[in-house]
Amino acid sequence: MLLEPFHVAVPTAFHPDESLNVEDTLKHITSLYEQGVNSVLVCGTTGEQHSLTFQEKEQLMHAINKETELTQKMEIIFGISSTRQQEAEALAEMVHTTSIAGIMIGYPPYIQPSQREAIGYTKAITLLADKPTILYNNPPRTGFDLSTESVHELFHAHQNIIGLKEAGAKDRYTIQSLKASSPELLLYAGGEQGLASKVEMGFDRLSSIAGNLAPADVLHWFQTLQHSNFDSPGQEWLPESITKVLENVYNGGAAIQNIKEELNRRGQVMGLCRRPIGN
């Protein structure tokens, strides 16, 4: 079981030639831990996962597993996704032998599998990894939308599937129906945009992007929202500190580029983005 209700989805550091920079990726994770973050998602956000080769994902996984101090202190979640199920299964077999706490299964972009194909893909990865598993549905990015019926089937088919990270536009009725049919399913909001409305709908966990820059502030905001009465439905309560952080992350260019530029400015080296991002 994954106990932490809040994790930070971390970017991947790259060298100037766009090659993988494992050392500075791990330094950023360590920095977040020192700021009070107890869980991170690696290789599972911002689209960088799909730019990584199988060998780079393998290298990153092994490097994290060697950081025993981090894996003992933090819940580290590793993102698994590939346009080839064979590669995703190989990564799942590797993660099974590590001290990584859990996995997040993403769906491959562009190819748009059917619901039955996606279910088969998910079950195969889940069985091989044998770790607590979060499903990641992000139709704006992938072109594929995992249906609520598929989520329900998968959740009840395998005890390791514990949650859903939803970055689509599921309406209130759909979310409430999903919670009613699978009340123990954990719902992760994908990022901070519209977070108050998502919490009001029933999202009880946060996969944070802005937490890369201000983890304590974002966590406090999320915890405050969880205890709100929402007397004005849909109203977004935003403290000034959070407004500034969200502007830095989400305004003017890709969020991942903004995050890396700000971390680089602070002296936390994350390098650049792989083009075409940042062209």
From 153, 192, 184, residue being surrounded by 14 or more Cβ atoms within 10 Å (Cβ to Cβ), in a loop (DSSP other than H, G, I, E, B), among the acidic types (Asp, Glu) and out of contact with any Pro (no Cβ under 7 Å at 6 or more places or on another chain):
192
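Among the candidates 100, 162, single out the residue that is in contact with a Pro (Cβ under 6 Å, 6 or more places away or on another chain) and not in a helix (DSSP H, G or I). Lay out the reasoning, then the answer.
Numbers: 100 fails: in contact with a Pro (Cβ under 6 Å, 6 or more places away or on another chain).
The unique qualifying residue is 162.
Results for (1) of a type in the set (Phe, Trp, Tyr); (2) in contact with a Phe, Trp or Tyr (Cβ under 9 Å, 6 or more places away or on another chain), shown as yes or no for each residue.
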| residue | (1), (2) |
| --- | --- |
| 97 | no, no |
| 107 | yes, yes |
| 114 | no, no |
| 119 | no, no |
| 141 | no, no |
| 144 | yes, yes |
| 166 | no, yes |
| 169 | no, no |
Take the range 4-21 and flag every residue that is more than 25 Å from residue 73 (Cα to Cα) and either among the hydroxyl-bearing types (Ser, Thr, Tyr) or at pLDDT below 95 (or both).
19
Pick from the range 39-80, criterion at pLDDT below 95 and in contact with a strand residue (DSSP E or B) (Cβ under 6 Å, 6 or more places away or on another chain), ranking: surrounded by the most Cβ atoms within 10 Å (Cβ to Cβ)
45
For the range 219-230, pairs from a residue that is over 14 Å from residue 202 (Cβ atoms) to a residue that is part of a helix (DSSP H, G or I), with Cβ under 6 Å and 6 or more apart or across chains, are 221/242
Hits in the range 117-145 (condition: more than 23 Å from residue 93 (Cβ to Cβ) and not in a strand (DSSP E or B))
138, 139, 140, 141, 142, 143, 144, 145
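Being buried (at least 18 other Cβ atoms within 10 Å of the Cβ) and either assigned to a helix (DSSP H, G or I) or under 19 Å from the mean Cα position of the chain (by Cα) (or both) is the requirement here; does residue 3 meet it?
no
The values are calculated or read from the model by the stated rules, or taken from the named source; none is laboratory data. Not measured: the values here are computed from a predicted model. Heads up, the Cβs are rebuilt from the backbone with ideal geometry, glycines too, and the neighbour counts pull from every protein chain shown.
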